[in-house]
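Scroll down for the structure; my scribbles are underneath it.
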Amino acid sequence: MPPPTRKTPSVGASVSASATRSNPPVKFRSARPKVDEAKDEEPKKPQSDAFDDLLQTYYKGKHLTDSINTAEDKWTLLPAFLKVKGLVKQHIDSFNFFVDVELKQIVKANERVVSDVDPQFFLRYTDIRVGTPERLDIESNAEITPNECRLRDLTYAAPIFVDVEYSRGKQIIRKRGMNIGRLPIMLRSSKCVLSNKNEWEMAKLNECPLDPGGYFVVNGTERVILVQEQLSKNRIIVENDPKKGIVQASVTSSTHERKSKTYVITKKGCIYLRHNSIMEDMPIVLVLKAMGIQSDHEILLLVAGTDMVYQDTFSVNFEECAKLKIFTQQQALDYLGARAKKARMPMNAVNRRPPALEALETLANIVLAHVPVENLNFRPKALYLAFMTRRVLMCMTNSGLVDDRDYVGNKRLELAGQLLSLLFEDLFKKLNNDMKMNIDKILKKPSRTEEFDASTLLATGANLITQGMNRAISTGNWSVKRFKMERAGVTHVLSRLSYISALGMMTRISSQFEKTRKVSGPRALQPSQFGLLCPSDTPEGEACGLVKNLALMTHITTDDEEEPIRKLVFALGAEDATLVSGYELYAPGAYIIFINGTSLATGRMNFEDFLKRGLVEYIDCNEENDAHIAIYEYEIGESTTHLEIEPFTMLGAVAGLIPYPHHNQSPRNTYQCAMGKQAIGAIAYNQFLRIDTLLYLMVYPQQPMVKTRTIELIQYDKLPAGQSAIVAVMSYSGYDIEDALVLNRASLDRGFGRCQVFRKYATALRKYQNGTVDRIGDIKRELSRDPENPDELVPIRKHAALEPDGLAAVGEKISMGEVYINKQVPTNTSNAPTLLNDGPPLDEYKDAPMAYKLADHAYIDKILISTAESEQTLIKVLTRQTRRPELGDKFSSRHGQKGVCGIIARQEDMPFNDIGIIPDIIMNPHGFPSRMTVGKMIELLAGKAGVMCGKLQYGTAFGGSKVDDMAKILVENGFSYSGKDFVTSGITGESLQAYIFFGPIYYQKLKHMVQDKMHSRSRGPRAVLTRQPTEGRSRDGGLRLGEMERDCLIAYGASQLLLERLMLSSDVHEIDLCEACGLMGYSNWCTTCQSSKGVVKMKIPYAAKLLVQELLSMNVLARIKLEDVFPYGEGDVKEA
Amino acid sequence: MPSSDHVDPRRVVGVEAEIVTNVTSTDFPGHWPNEDHSWGIDKFKNTFRVEFHRNTPLFAEFDLIHMDASIANTFRRILLAEVPSLAIETVYVQTNTSIIQDEVLSHRLGLIPLVGDKKALINMQWFMKPASGDPPQDPTDDNTIVLHLSAACERIPGVSRSETDPHKLYTNASVYARDIVFDPAGKQVTTFANNPVRAANPNILIAKLRPGQEIDVTMHCVKGIGQDHAKFSPVATASYRLLPLIKILKPIRGKAAERFAACFPRGVVAFEADEETGEKRAVVGNARNDTVSREVLRHEEFKGCVELGRVRDHFIFQIESTGQFDADELFLSAVSVLKAKCTVLKRETHRMLKKQALDARSGSGNAGPKKGDRGWAAE
């Protein structure tokens, strides 16, 4: 018999891209009216790109600008959209914007570093750039690839360069390309090596062309900066509390320097301004006066306009101000200044300013900070405040005129770029601050040997930015000092459970609301999220409704420059609001325009002036309110302004996998959104080149029979997670109750539901201070037990899998206790001088092997030996298990219908239909009535029809293959229109009395498998402190008899059982107790009484003994008094 | 071919719109008063018929008429699970640097249907897998067949750089089942001389390779049964259906007749000229072709015009072979397996009866059946 030899270690070859199409895509250089010009085809073409089709001028025979007539054509806009925008384009756009624009703005805003000591000195940043990702080590000159970073635990980062000019002595020196740190680079962003690469080039870089990118690789882990949802900044929100009779308008102002919240609030019918920097609420008229609008008439006009009702409501406020005897701006400022909180002055602030100046400062820079005050021109700010007051007035007269905090239009999404820019600005300021301090320190010294050169300081500060960025991304803790922002959980490890889980993570939005608060508002489905956020994809439980997902076509814009827009608005006929009076401001037909909440302008124009007549338009949530959008062509009427491209785009990428979701009860779609992310399938084309901590793969994944347009768009059909199973909906064997499934054993034999689990085990060979290094030891050998050649030396059993290099051989089977890395560590690692010679010699080693701990065996799949950033040798071992479904493994269809395998039935025992088909899965029909997943039934019908006519069917939301058509195909192929077959029992051989709903349904295997969960214990380890059994499967813990179980036993009176469970089988301990003093002694001796008289032995839980002793340590004495259970009974009962 | 009019209604399974009626046979003693339904070999011999309709090596369709469902089902079950066949059981991996992992490769190889000299295959012994802990048993030429598969992928020199077809660029870009070679041992050299063991279908794709990758494995094939693993099942599937019956109760004429015919697969409904009106009239043609789609029951206009059914003891048996044995041979093997099982049952029953009789005679209470447990032999 040939012995199984070892595999040579290998890194698998590139996965062959099976994306070649029957019709190779034709590339056109220019737009031409016809498609059939093959002459223009470029002679040499690299491997076909999956996206090539989309890059063509003509897509499916249509020009991008051709008019689109029918619903069938309309959806073809989508791939074009996704090519341009992509599902994670918002992340990439935002990062690109940060790198290209925001970075420069930040540097511009903080460009000068000056010294307090030497007024001559300056350092000025003239420019900033981000380079391309670079390797820190000099192993090769090749570009570093993301996959190398993943494998070697490196950070995928690029250096940041600045150009500076600074003074050295009397001369000014310019330096270009100074490195001030490394910035982690978002994958597939413009700085990434993967940008603009085609499928073939991606394969060369060991990267999957379908991978969305948009995440970072920091220390080898992939981390995503989740989209953060926030209440819109610089936007007036009017709220009404009818119970307390309070109406308030609030605005959160945010500028680069500060964040503050300003309220305009009613109190007993009067209106006040409230702000953190002012100690008490200020009458609004007073504030307006302080801002320089001294005439009551003008105030009235600016606030109430010409409306009599508003004027009447507002007039009370003048009285309030008059009572305080404040009539001029100076009076108002004095009053305000006295109540303003003083800005923290430097300690040596001798020159205290008068209150009026203080008030001016507060009003100009802190209250409503986002409205700029230039040259003490308070007019714009006063107008803004007046408008806020007017909103309060309006709400006072009509309580319906309030804003909704949960309205999507009042929300803003913060993306990676913005978050990074906050962080970078903070770090950059800190860098400059540190540098300034250092410069001051150096320049203070009176005599220097050489002229001071500031550029040396710049280089030393580089670590600050590098580490600050790395730490923030790798921990997710975002702390920005100047906003006092302290946010945890901003980044998450990218879930690579399946392709869809990674994709789903990229579209996730997390909300700032606390999860524990029991408010329904922020969690509720908002009508305004239609088309922007997916209505189905949200987790269940505490984060329900707070974590959301983007819809398929949502586009998140980056910041735009204000100036061009301002010019455009004025060019279109708007007037400067500071130049008009309250008469014109609130005249009918006049509208106030805000740009990012600041500048005010008015204009008289209607909707059409703004609406540019494009063919396709992004509609913002706020614009949606002013648009009349038809969903289908037939709905278009006189007043229709827009037509939805496709209604299914209201769902997100994950909900888009569900066929016929519009036929399902809506929670079922939500359940599927959660489960789709747990399905085992293919992860990426480079899945065999990755070494992840835990990776689940399906051996034979299939694309679903019933697809959706979304599946094609996100290319789930290329990286699927599931298999089409033939399902019979009937009851069978009784092992199918409570959603359990019956699986066909022959199907499992043939590979149904087979999956692989890869696990990573890593170790580093450390270098110690005293020069010693970890090493890998030899194989230990012993005499063979084989009687035929007893003299042969064979490896000991633990080392059976090792090769001469001390690592397990690739392909070798490894079982519990076997060593895969025979590591040894030096016994002496202390840094103490060796002269004393007290420690063990430096060349002595002890074994510290990495041994396989799981009960089920695995195979060594790959071994990687490399060096990490710290120059330490890094060894990663990847093990592989191939698993066949077993009893208790979890499966689910795409309709939130999960179930575990209840029995694996033999093929011959299972029912079969007329053409001899035996189902893979039997599902109990009780799963249907209460769940109302009609979509699943239609999926079966469409799938069956698709199988019969050899075509994939569509189950796209609000569309898809029609049930009538499917029924027709079934009838043509000799099946019942209903999908129900004539079925014969495999056990009796007789026909079943009912017709059975029978056909293919796409089933997902979920990651929850019995093998990873099953656990039992009789005896085992105990915790050191309490001597009670350990907890949890990973520690081989005991099975807990909990409080409720205990209550049952108490109620039942099973005292002996209780004693046995809670003490004897847990932490029984025998103590020596002195009956005289009630304290514990030992060895039949009481140390307190200095006698053995009255010392008895008794058994108590160790935890109780521990408690007594812990109390003792805190000066609490607990005495145990014993009493006879049966005081008048026979003597020997006493012992109990 | 029994026309629907001649079928005894007791033999008919009713096919209604939402229910199947009379699925259980009633021809057993005691069910019908004053009728003798006891089973007799002569009676069975006289009534039982087998009619072959198609017989190719890979597919056979034949009718078993006048047989109880339990027996027909037994044959089906035996075909699926108990007729032995040869399949790869153990794979020794010398080298496998392909992207297909060892376990997956082995699984794929195991499922490949094999063919070879039938007589030699039938004569093969069982290879008893030693229980864990027992010393390994050496395979012999009686019970094991050794196959080899080795393929290494290399770049073919001199191929133009623009070539993208991997099959032109590399050797062994795809490894197929035809690359498996038989390594006869001992007497296998002669017994399999004319018909060596090989894959039933040479075009089964096993793995794809790229330059530098290599597969070199040795496989041991043994005889096994489908109950142990589906790869040992000699059939792709074996099943039966009941002969459909269509009974036209009222004449259907003219256009309605055409619509009526459209409810069935082609050939099921024929037309003939009506004696009264001369119009086209629908009559039952070849009911055997009906797939029991029940489409006709959906239409209001044919309500009461037609009655559907199936003949309970007329089994249209279909066997699809994987290729190792011919489909009709497989059925005979199934019969012989059943026969062997019956022989064993008979022998054991006799032994049990004998033992009981002995126990009863010796009169010892402890050896006999326990109180309350009346063995069926007592009846």
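The values are calculated or read from the model by the stated rules, or taken from the named source; none is laboratory data. Computed from a predicted model, the values in this text were never measured in an experiment. All Cβ positions, even for glycine, are placed from backbone atoms using ideal geometry, and neighbour counts span all protein chains on display. Ligands, DNA and RNA are stripped out before the accessible areas are found, and what is left, the full protein with its side chains, is counted by its heavy atoms. Shrake-Rupley method; radii C 1.70, N 1.55, O 1.52, S 1.80 Å.
Hey, can you tell me all the residues within the stretch A:1054-1111 that are basic (Lys, Arg) and modelled with pLDDT of 90 or more? Write out each step before concluding.
Narrowing the stretch A:1054-1111 to residues basic (Lys, Arg): A:1061, A:1093, A:1097, A:1099, A:1105.
Once the filter is applied, which keeps residues that are basic (Lys, Arg) and modelled with pLDDT of 90 or more, the stretch A:1054-1111 yields A:1061, A:1097, A:1099, A:1105.
Conditions first: (1) touching a Lys or Arg at 6+ places or on another chain (Cβ under 8 Å); (2) charged (D, E, K, R); (3) modelled with pLDDT of 60 or more. Residue A:73 passes all but one, so which condition is the exception?
(3)
Could you please find all residues in the stretch B:109-128 being within 14 Å of chain A (Cβ to nearest Cβ) and either part of a helix (DSSP H, G or I) or open to solvent by 20 Å² or more (accessible area, probe 1.4 Å) (or both)? Reasoning before the result, please.
Looking only at the stretch B:109-128, we keep the residues that are within 14 Å of chain A (Cβ to nearest Cβ), and these are B:109-113, B:127.
Those that are within 14 Å of chain A (Cβ to nearest Cβ) and either part of a helix (DSSP H, G or I) or open to solvent by 20 Å² or more (accessible area, probe 1.4 Å) (or both): B:109, B:110, B:111, B:113, B:127.
Regarding the stretch B:260-270, can at least one residue be identified that is closer than 27 Å to residue A:986 by Cβ, of a type outside the set (Gly, Ala, Ser) and facing chain A (nearest Cβ under 9 Å)?
yes
Restricting to the stretch A:171-204, give me the number of residues that are in contact (Cβ under 8 Å) with a residue 60 or more places away in the chain, open to solvent by 20 Å² or more (accessible area, probe 1.4 Å) and within 24 Å of residue A:417 (Cβ to Cβ).
Of the residues in that region, 6 qualify.
Going by what's in this entry, would residue A:1010 be described as in contact (Cβ under 8 Å) with a residue 12 or more places away in the chain, within 11 Å of another protein chain (Cβ to nearest Cβ) and of a type outside the set (Phe, Trp, Tyr)?
no
Can you work out which of the residues in the stretch A:930-940 that are open to solvent by 20 Å² or more (accessible area, probe 1.4 Å) and either outside any helix (DSSP H, G or I) or within 14 Å of chain B (Cβ to nearest Cβ) (or both) is farthest from residue A:894 (Cα to Cα)? Steps first, please.
Going residue by residue through the stretch A:930-940, those that are open to solvent by 20 Å² or more (accessible area, probe 1.4 Å) are A:930-932, A:934, A:937.
Pick out the ones that are also either outside any helix (DSSP H, G or I) or within 14 Å of chain B (Cβ to nearest Cβ) (or both) and you get A:930-932.
On the way: A:930: 17, A:931: 13, A:932: 13 Å.
The residue in question is A:930.
With the condition being charged (D, E, K, R), I'd like the strands (runs of 3 or more DSSP E) fully within the stretch A:737-831 carrying at least 1 qualifying residues. I'd like the intermediate steps shown before the answer.
Details: elements: A:741-744, A:755-765, A:781-783, A:793-795, A:819-821, A:823-826.
Of the strands (runs of 3 or more DSSP E) lying wholly inside the stretch A:737-831, those with at least 1 residues that are charged (D, E, K, R) span A:755-765, A:781-783, A:823-826.
Considering B:144, B:164, which residue is open to solvent by less than 60 Å² (accessible area, probe 1.4 Å) and polar (S, T, N, Q)? Can you show your working first?
Details: B:164 fails: open to solvent by less than 60 Å² (accessible area, probe 1.4 Å).
Selected residue: B:144, the only one of B:144, B:164 that is open to solvent by less than 60 Å² (accessible area, probe 1.4 Å) and polar (S, T, N, Q).
Please give the number of the condition residue B:273 fails out of (1) in contact with a strand residue (DSSP E or B) (Cβ under 8 Å, 6 or more places away or on another chain); (2) within 13 Å of chain A (Cβ to nearest Cβ); (3) not hydroxyl-bearing (Ser, Thr, Tyr).
Against the list (1) in contact with a strand residue (DSSP E or B) (Cβ under 8 Å, 6 or more places away or on another chain); (2) within 13 Å of chain A (Cβ to nearest Cβ); (3) not hydroxyl-bearing (Ser, Thr, Tyr), residue B:273 comes up short only on (2).
Quick one: which residue in B:159, B:175 is out of contact with any helix residue (DSSP H, G or I) (no Cβ under 6 Å at 6 or more places or on another chain), over 18 Å from residue B:225 (Cα atoms) and either part of a strand (DSSP E or B) or open to solvent by less than 60 Å² (accessible area, probe 1.4 Å) (or both)? I'd like the intermediate steps shown before the answer.
Details: B:159 fails: out of contact with any helix residue (DSSP H, G or I) (no Cβ under 6 Å at 6 or more places or on another chain).
When all the criteria are applied, what remains is B:175.
Name the single residue that is nearest to the chain's Cα centre (by Cα) among those in the stretch A:309-330 being in contact (Cβ under 8 Å) with a residue 12 or more places away in the chain and open to solvent by 70 Å² or more (accessible area, probe 1.4 Å). Before the answer, list the steps.
From the stretch A:309-330, those in contact (Cβ under 8 Å) with a residue 12 or more places away in the chain are A:309-310, A:313-318, A:320-321, A:324, A:326-330; that's our starting set.
Right, trim to open to solvent by 70 Å² or more (accessible area, probe 1.4 Å) and you get A:309, A:327, A:330.
Values: A:309: 50, A:327: 56, A:330: 53 Å.
Step by step, filter the stretch A:309-330, then rank; the result is A:309.
Per-residue answers, yes or no, for (1) within 14 Å of chain B (Cβ to nearest Cβ); (2) β-branched (Val, Ile, Thr); (3) not in a helix (DSSP H, G or I):
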{"site": "A:662", "(1), (2), (3)": "no, no, no"}
{"site": "A:668", "(1), (2), (3)": "no, no, no"}
{"site": "A:672", "(1), (2), (3)": "no, no, no"}
{"site": "A:675", "(1), (2), (3)": "no, no, no"}
{"site": "A:688", "(1), (2), (3)": "yes, no, no"}
{"site": "A:692", "(1), (2), (3)": "no, no, yes"}
{"site": "A:697", "(1), (2), (3)": "yes, no, yes"}
{"site": "A:702", "(1), (2), (3)": "no, no, yes"}
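Going by what's in this entry, would residue A:719 be described as at pLDDT 90 or above and of a type outside the set (Phe, Trp, Tyr)?
Working: at pLDDT 90 or above: yes; of a type outside the set (Phe, Trp, Tyr): yes.
The answer is yes for residue A:719.
Go through (1) farther than 20 Å from residue B:318 by Cβ; (2) within 14 Å of chain B (Cβ to nearest Cβ); (3) in contact (Cβ under 8 Å) with a residue 40 or more places away in the chain; (4) not acidic (Asp, Glu) and name the single condition residue A:968 misses.
(3)
Being among the hydrophobic types (A, V, I, L, M, F, W, C) and within 30 Å of residue A:154 (Cβ to Cβ) is the filter here, so list the residues in the stretch A:170-187 that pass it.
Initial filter on the stretch A:170-187 (among the hydrophobic types (A, V, I, L, M, F, W, C)): A:172-173, A:178, A:180, A:183, A:185-187.
Result: A:178, A:180, A:183, A:185, A:186, A:187.
Residues that are more than 14 Å from chain B (Cβ to nearest Cβ), open to solvent by 10 Å² or more (accessible area, probe 1.4 Å) and either acidic (Asp, Glu) or free of Cβ contacts under 8 Å to residues at least 12 places away in the same chain (or both): does the stretch A:704-715 have at least one?
Yes, because at least one residue in the stretch A:704-715 is more than 14 Å from chain B (Cβ to nearest Cβ), open to solvent by 10 Å² or more (accessible area, probe 1.4 Å) and either acidic (Asp, Glu) or free of Cβ contacts under 8 Å to residues at least 12 places away in the same chain (or both).
Determine which member of the set A:225, A:236 is within 27 Å of residue A:559 (Cα to Cα) and open to solvent by 10 Å² or more (accessible area, probe 1.4 Å). Spell out how you get there, then give the answer.
Numbers: A:225 fails: open to solvent by 10 Å² or more (accessible area, probe 1.4 Å).
Exactly one of A:225, A:236 is within 27 Å of residue A:559 (Cα to Cα) and open to solvent by 10 Å² or more (accessible area, probe 1.4 Å), namely A:236.
Can you name the strands (runs of 3 or more DSSP E) wholly within the stretch A:212-297 that have at least 2 residues being of a type outside the set (S, T, N, Q) and without any contact (Cβ under 8 Å) to a residue 40 or more places away in the chain? Step through it out loud before you land on a result.
Values: elements: A:216-218, A:221-225, A:227-231, A:237-241, A:246-254, A:259-267, A:270-275.
In the stretch A:212-297, A:259-267, A:270-275 are the strands (runs of 3 or more DSSP E) which contain 2 or more residues that are of a type outside the set (S, T, N, Q) and without any contact (Cβ under 8 Å) to a residue 40 or more places away in the chain.
Is it true that residue A:994 is within 9 Å of chain B (Cβ to nearest Cβ), in a loop (DSSP other than H, G, I, E, B) and either in contact (Cβ under 8 Å) with a residue 60 or more places away in the chain or basic (Lys, Arg) (or both)? Step through it out loud before you land on a result.
Values: within 9 Å of chain B (Cβ to nearest Cβ): yes; in a loop (DSSP other than H, G, I, E, B): yes; either in contact (Cβ under 8 Å) with a residue 60 or more places away in the chain or basic (Lys, Arg) (or both): yes.
So residue A:994 fits the description; yes.
Restricting the search to the stretch B:296-308, which residues are within 14 Å of chain A (Cβ to nearest Cβ), open to solvent by 20 Å² or more (accessible area, probe 1.4 Å) and part of a helix (DSSP H, G or I)?
Within the stretch B:296-308, B:297, B:298 meet the criteria.
Determine, yes or no, whether residue B:98 is under 17 Å from residue A:746 (Cβ atoms) and either at pLDDT below 95 or open to solvent by less than 20 Å² (accessible area, probe 1.4 Å) (or both). Before you say what the answer is, go through the steps one by one.
On the way: under 17 Å from residue A:746 (Cβ atoms): no; either at pLDDT below 95 or open to solvent by less than 20 Å² (accessible area, probe 1.4 Å) (or both): yes.
No.
Need at least 2 residues that are closer than 30 Å to residue B:240 by Cβ and more than 12 Å from every other protein chain (Cβ to nearest Cβ) per element, so show me which strands (runs of 3 or more DSSP E) inside the stretch A:860-929 make the cut, counting only ones lying wholly within it.
On the way: elements: A:873-883, A:890-893, A:898-905, A:921-923.
In the stretch A:860-929, the matching strands (runs of 3 or more DSSP E) lie at A:898-905, A:921-923.
Tell me yes or no: at least one residue of the stretch A:1082-1092 is open to solvent by less than 70 Å² (accessible area, probe 1.4 Å) and within 51 Å of the chain's Cα centre (by Cα). First the steps, then the outcome.
Start the filter on the stretch A:1082-1092 by keeping residues that are open to solvent by less than 70 Å² (accessible area, probe 1.4 Å), which leaves A:1086-1087, A:1089, A:1091-1092.
From the residues that got through so far, the ones that are within 51 Å of the chain's Cα centre (by Cα) too are none.
No: zero hits.
For residues in the stretch A:746-777 being more than 22 Å from residue A:805 (Cβ to Cβ) and among the aliphatic types (A, V, I, L, M), which is nearest to the other protein chains (Cβ to nearest Cβ)?
Checked the stretch A:746-777; the qualifying residue nearest to the other protein chains (Cβ to nearest Cβ) is A:746.
Mind checking which strands (runs of 3 or more DSSP E) fall wholly inside the stretch A:457-536 and carry at least 1 residues that are in contact (Cβ under 8 Å) with a residue 40 or more places away in the chain and surrounded by 17 or more Cβ atoms within 10 Å (Cβ to Cβ)? Let's see the steps before the verdict.
On the way: elements: A:478-480, A:485-487, A:491-493, A:508-511.
Counting at least 1 such residues, we get A:478-480, A:491-493, A:508-511.
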